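Here is the structure we will look at, set down as structure tokens.
The values are calculated or read from the model by the stated rules, or taken from the named source; none is laboratory data. The structure displayed is predicted, hence computed values, not measured ones. When we count neighbours, we look across all protein chains shown, and the Cβ atoms used for this are built from the backbone with ideal geometry, even at glycine. What goes into the accessible areas is simple: the full protein's heavy atoms, side chains included, and nothing from ligands, DNA or RNA. Shrake-Rupley method; radii C 1.70, N 1.55, O 1.52, S 1.80 Å.
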Amino acid sequence: MKTIDELDKHIAKYIQGGFGPADMAVMKEECEKLQPGDVYVEIGVDEGRSARVAHEYLHPDVYKLYIDIHDPDTHPASIGTRKWMEQEGMVGLGKKGFYIHGDADKFAEVLPSLDFDIQLLFIDGHHDYESVKKNTLKWERFVDNGDGTILFHDYDHPDTKRWLDEHYKDKKEVLHGKIVRV
């Protein structure tokens, strides 16, 4: 298992993104709490920095669902999310990781027919007020009420902050100014 600094350097060789070492430390701490058979869901994968961090620190038998509407495979500095995840062994045959290239909120409409709870949900989709609100309301109901955690990224974005302050009030914990844990 790589240290945060080693992982940050490894990731930087292949992809970009705004998920730095302080964010990585929070993700590591939360991921290490999950047990085999638990479920991790990430909304807003982008190029896959946070997803790669989750993959590094989650137990191999945790189910991982990575969702994004965009795949930046046309950006000259990116190898593309799907290719990146395959290269890193995050998804593929025999893996418990799944990449869904589509609308996370539409996918949430399918979930009631499936029988599982989410133990760790990471929301880092679009940061406008309505998008954060919609992601939250569509997905928080699937989080295990007894043991589940929701992390939100980019609390420093004004619309993200406004929604989380309204919705969770004092039930949230702000971690190093950018991540919120509920």
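Taken about its Cα centre, the chain carries a charge dipole of about 140 debye when Lys and Arg each add +1 at the Cβ and Asp and Glu each add -1 at the Cβ. Phi angles across region 51-59 convert, under the Karplus curve 6.51 cos²θ - 1.76 cosθ + 1.60 with θ = phi - 60°, into 3J(HN,Hα) values of 4, 5, 5, 4, 4, 5, 9, 7, 4 Hz, Gly and Pro given as x. Share of pairwise Cα-Cα distances greater than 18 Å in region 84-152 is 48 percent (whole percent).
For region 172-182, the Karplus equation 6.51 cos²θ - 1.76 cosθ + 1.60, evaluated at θ = phi - 60°, returns couplings of 10, 10, 8, 10, 6, x, 10, 10, 10, 10, 10 Hz by residue, with Gly and Pro reported as x. Bridgeable aspartates and glutamates around Lys106 (alpha carbons under 19 Å apart, same-chain partners fewer than 8 residues away excluded): Glu42, Asp46, Asp68, Asp71, Asp115, Asp117, Asp124, Asp128, Glu130, Glu140. Cross-link list Lys9/Lys138; Lys2/Lys134; Lys134/Lys171; Lys96/Lys172; Lys28/Lys64: which exceed 26 angstrom alpha carbon to alpha carbon? Exceeds cut-off: Lys9/Lys138; Lys2/Lys134; Lys96/Lys172. Running a GNM on the chain with Cα contacts under 10 Å, which residue among Leu137, Leu65, Leu120 ends up with the highest mean-square fluctuation? Result for the chain, Cα springs under 10 Å: Leu137 fluctuates most. Arg181 contributes an accessible area of around 40 Å² to the protein surface, as traced by a 1.4 Å probe with all chains present. Sorting Thr3, Thr149 by accessible area puts them as Thr3, Thr149; the probe is 1.4 Å, largest comes first, and only protein heavy atoms count. Does the chain classify as rounded, prolate or oblate by the C-alpha gyration tensor (a ≥ b ≥ c root eigenvalues; a/c under 1.5 gives rounded; else a/b over b/c gives prolate, otherwise oblate)? Taking the square roots of the gyration eigenvalues as a ≥ b ≥ c, the chain is rounded. Taking Lys and Arg as +1 and Asp and Glu as -1, the other residues whose beta-carbon sits under 12 Å from that of Ser131 total -4.
Normalising the average separation of contacting C-alpha pairs (under 8 angstrom, six or more residues apart) by the number of residues puts the relative contact order of region 112-162 at 48 percent. Shape verdict for region 130-182, please, from the Cα gyration tensor: rounded (a/c under 1.5), prolate (a/b greater than b/c) or oblate. Oblate.
Scalar couplings 3J(HN,Hα) for region 7-15, obtained by applying the Karplus form with A = 6.51, B = -1.76, C = 1.60 to θ = phi - 60°, are 5, 4, 5, 4, 4, 4, 5, 10, 9 Hz; x denotes Gly and Pro.
Residues whose amide H falls under 5 Å from that of Leu65, counting only those 5 or more places apart or on a different chain, are Tyr40, Val41, Glu42, Phe98, with hydrogens built in the peptide plane. Counting Lys +1, Arg +1, Asp -1, Glu -1, what net charge surrounds Ala104 among other residues with beta carbon under 10 Å of its beta carbon? Net charge in that neighbourhood comes out at -1.
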